[in-house]
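The values are calculated or read from the model by the stated rules, or taken from the named source; none is laboratory data. Predicted model only: the values in this text are computed from it and were never measured. Here the Cβ positions follow ideal geometry from the backbone for every residue, glycine too, while neighbour counts run over all protein chains shown. These accessible areas exclude ligands, DNA and RNA; they are computed on the full protein's heavy atoms, side chains included. Shrake-Rupley method; radii C 1.70, N 1.55, O 1.52, S 1.80 Å.
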Amino acid sequence: MKKYFQAPWTAKDISRILLTTAILMGSSIYFVNQFGLSDNDIQGWILMPMFLLQWVVMLLPIYIFTRGKHKLSTETFGIKKVGLRSTVSLVIKGYLLYLAINFLIGILIVFKGIEIPGYQVQEEILPLFGSQTIDLVLAGTIIILVAPVIEEIVFRGFLLRGLVN
């Protein structure tokens with residue numbers, strides 16, 4: 001298993017990338033705050049470029065400091081081709097497991113009165129994107145497709161592999 005997780009980058013590379021990401025993230029937040037937007041002003045057409053900026057800020061240092069330095073492929077970051085049948089099978093199994101776990105948690109909440117973090121009423125984020133159809137499509141794309149891919153690349157593909165060394 002260690003062979004699977006090993007990465008050619010070092011702890012020094014990881015710290016350099018995290019520092020660069022923090023600096024880029026701080027400057028992008030500063031840049032966005034210069035517009036003086038309140039929560040009521042932010043709509044989907046403003047949020048999408050903000051999310052794109054965030055993804056660039058997170059992935060650009062990884063690309064520059066690791067792929068360029070070590071001549072790495074996408075498989076090094078945990079991205080590999082998987083067959084359609086295998087993918088569909090795993091998605092169905094994962095969804096059924098998700099439903100079973102939520103059913104058990106629901107039983108605990110209803111019959112035992114246990115409060116479980118993350119299962120209380122939460123603030124809705126969809127209104128932040130706006131109410132037009134295109135705004136909701138953008139929100140769905142961000143929440144369902146793009147955010148999980150970016151998270152997997154950064155945490156499992158980069159940080160986990162580097163920290164295992």
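Need the failing condition index for Leu108 against (1) farther than 24 Å from Ile17 by Cβ; (2) touching a helix residue (DSSP H, G or I) at 6+ places or on another chain (Cβ under 9 Å); (3) not hydroxyl-bearing (Ser, Thr, Tyr), just the number.
Unmet condition: (2).
Any residue in region 124-141 that is under 14 Å from Leu52 (Cα atoms) and either hydroxyl-bearing (Ser, Thr, Tyr) or free of Cβ contacts under 8 Å to residues at least 12 places away in the same chain (or both)?
The answer is yes; a qualifying residue exists.
Hey, can you tell me all the residues within region 116-153 that are assigned to a loop (DSSP other than H, G, I, E, B) and exposed (fewer than 12 other Cβ atoms within 10 Å of the Cβ)? Break it down into steps so the answer makes sense when it comes.
Going through region 116-153, the residues assigned to a loop (DSSP other than H, G, I, E, B) turn out to be 116-125, 130-132.
If the condition is that a residue be assigned to a loop (DSSP other than H, G, I, E, B) and exposed (fewer than 12 other Cβ atoms within 10 Å of the Cβ), then Ile116, Pro117, Gly118, Gln120, Val121, Gln122, Glu123, Glu124, Ile125, Ser131 are the ones that fit.
I'd like to know if region 45-54 contains one or more residues that are at pLDDT 75 or above, of a type outside the set (Gly, Ala, Ser) and open to solvent by 80 Å² or more (accessible area, probe 1.4 Å).
no
With respect to the numbered conditions (1) under 27 Å from Pro61 (Cβ atoms); (2) small (Gly, Ala, Ser); (3) free of Cβ contacts under 8 Å to residues at least 12 places away in the same chain, which one is the sole condition not fulfilled by Gly157?
(3)
So Gly162 fits all but one of (1) part of a helix (DSSP H, G or I); (2) farther than 30 Å from Ile17 by Cα; (3) open to solvent by less than 100 Å² (accessible area, probe 1.4 Å); what number is the exception?
Status for Gly162: all satisfied but (2).
Would you point out the residue of region 91-100, among those that are aliphatic (A, V, I, L, M) and either loosely packed, with under 10 Cβ neighbours inside 10 Å or at pLDDT 90 or above (or both), that is nearest to Ile144 (Cα to Cα)? Let's see the steps before the verdict.
Of the residues in region 91-100, the ones aliphatic (A, V, I, L, M) are 91-92, 96-97, 99-100.
Imposing the further condition that a residue be either loosely packed, with under 10 Cβ neighbours inside 10 Å or at pLDDT 90 or above (or both) reduces the set to 92, 96-97, 99-100.
On the way: Ile92: 16, Leu96: 18, Leu97: 18, Leu99: 17, Ala100: 21 Å.
So, considering only residues that are aliphatic (A, V, I, L, M) and either loosely packed, with under 10 Cβ neighbours inside 10 Å or at pLDDT 90 or above (or both), the one nearest to Ile144 (Cα to Cα) is Ile92.
Here is a list of conditions, (1) modelled with pLDDT under 75; (2) open to solvent by 90 Å² or more (accessible area, probe 1.4 Å); (3) over 21 Å from Val149 (Cβ atoms), and Ile23 meets all of them except one; can you say which number that is?
(1)
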